[in-house]
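Only one structure is covered here, and it is reproduced in the block below.
The values are calculated or read from the model by the stated rules, or taken from the named source; none is laboratory data. Everything numeric in this text was worked out from a predicted model, so none of it was measured. We place every Cβ from the backbone using ideal geometry, glycine too, and count neighbours over all the protein chains shown.
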Amino acid sequence: MKCTLSLLMILTLSACGVVGNATISDNSLKNKAAFALNVPAESIRISNRHGDIDSVKFVATTGGKSYSCYVTTVMGAVSSDALCSGSNVHGGKGSRGGSSCNALLKAAGRC
């Protein structure tokens, strides 16, 4: 009985991202990505979304740059804020110059 209950719990929780992908709207993803990228939600376009075991991954495009983002989910009912990577991941321009280039970015060869 204990083993069956444990197995049932594991199977239920393992599909959180898949359920989350079906229940989280593009509008919600836009708002979360906009907050993470510090841009208005109206300027975000969501594409390539898919659910993993515990997250929903998607590409957020704004200002001609694309960012790889994800939100984690719990049973599709609760989701985290979006985490997004740099713009050069999905073919965005990604070049940084001028005032946004700092010592750390220079050391990493990103500007």
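General observations
- Pairing each residue of segment 10-38 that is under 23 Å from Ser85 (Cα atoms) and modelled with pLDDT of 75 or more with any residue that is aromatic (Phe, Trp, Tyr) and buried (at least 18 other Cβ atoms within 10 Å of the Cβ), provided the two are 6+ apart or on different chains, yields C-beta distances under 7 Å for Leu29/Phe58; Leu37/Tyr67.
- Leading residue by the ranking (surrounded by the fewest Cβ atoms within 10 Å (Cβ to Cβ)) among those in segment 25-47 that are among the hydrophobic types (A, V, I, L, M, F, W, C) and assigned to a helix (DSSP H, G or I): Phe35
- Residue within segment 82-92 that is at pLDDT 85 or above and part of a strand (DSSP E or B) present: yes
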